[in-house]
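*Asks:* Okay, handing you the structure first.
The values are calculated or read from the model by the stated rules, or taken from the named source; none is laboratory data. Note that the coordinates shown come from a computational prediction; the quantities given were computed from them, not determined experimentally. Note that each Cβ is placed from the backbone with ideal geometry, even for glycine, and that neighbours are counted across all protein chains shown. What goes into the accessible areas is simple: the full protein's heavy atoms, side chains included, and nothing from ligands, DNA or RNA. Shrake-Rupley method; radii C 1.70, N 1.55, O 1.52, S 1.80 Å.
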Amino acid sequence: MEVSDSVYCKNVGIYAGQLTKRKSYKIIEINPQNIRIQNDENKLKWYAKWYFDLNNEPEIVSIHIDDEITDEESDLIEVSIDLVNGARYWVVFTTPKYLDQMLNDENHFSAYHCIIIKNLNEKSIQSVIYQLDEQNELLENCKKY
């Protein structure tokens, strides 16, 4: 990174009102740990370098619920997520009630890439996916196809 480079925000951290994920910012000044940019509030401010990258992260193109939701309060479904760079990921969504029912039949429930939400519906699933993406936790909770 050098002065005048354009960098992309890869994590808004605690600066949600000042930075926008995937937005390009021009470096005004630089030191070993920080860069100074003009933020979303049009203020020149110093931020840690790790909030930024020279390459833009891929955005979500589509979210597809692969299984039919038969019970919003107690079900297990798979969701596919496509990114603009062509990468495709999947994750499983379930509810606490489903887990409780499973544990009545089994003494354990083991699942990788599983997100537990209160109710299964398209709106809540999309909301969770976008929230995890904003917090840079989406891909670590998903599995690549």
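*Asks:* If you scan the range 47-63, which residues turn out to be hydrophobic (A, V, I, L, M, F, W, C) and within 17 Å of residue 7 (Cβ to Cβ)?
*Replies:* Selection gives 48, 50, 52, 54.
*Asks:* Here's another thing I want to ask about it. So, of the residues in the range 1-40 that are touching a residue at least 24 places away in the same chain (Cβ under 8 Å) and among the acidic types (Asp, Glu), which turns out to be most open to solvent (accessible area, probe 1.4 Å)?
*Replies:* Only one residue tops the list, namely 2.
*Asks:* Just the residues that are under 24 Å from residue 21 (Cα atoms) and either open to solvent by 70 Å² or more (accessible area, probe 1.4 Å) or of a type in the set (S, T, N, Q) (or both), please, taken from the range 99-136.
*Replies:* Within the range 99-136, 122, 123, 124, 126, 127, 130, 131, 134, 135, 136 qualify.
*Asks:* Provide a single number: the residues in the range 1-37 that are touching a helix residue (DSSP H, G or I) at 6+ places or on another chain (Cβ under 9 Å) and either of a type in the set (A, V, I, L, M, F, W, C) or outside any loop (DSSP other than H, G, I, E, B) (or both).
*Replies:* 9
*Asks:* Tell me which residues, restricted to the range 43-102, are in contact (Cβ under 8 Å) with a residue 40 or more places away in the chain, in a strand (DSSP E or B) and in contact with a Lys or Arg (Cβ under 9 Å, 6 or more places away or on another chain).
*Replies:* Within the range 43-102, 52, 53, 80, 81, 88, 89, 90, 91 meet the criteria.
*Asks:* Restricting to the range 68-98, give me the number of residues that are acidic (Asp, Glu), open to solvent by 40 Å² or more (accessible area, probe 1.4 Å) and touching a Leu at 6+ places or on another chain (Cβ under 8 Å).
*Replies:* Total meeting the criteria: 3.
*Asks:* May I pose another question? List, please: which pairs have Cβ atoms under 9 Å, are six or more places apart or on different chains, and start with a residue in the range 121-139 that is touching a residue at least 40 places away in the same chain (Cβ under 8 Å) and end with one that is among the charged types (D, E, K, R) and assigned to a loop (DSSP other than H, G, I, E, B)?
*Replies:* If the second residue must be among the charged types (D, E, K, R) and assigned to a loop (DSSP other than H, G, I, E, B), the pairs left are 121/72; 133/21; 133/59; 134/21; 136/10; 136/21; 136/57.
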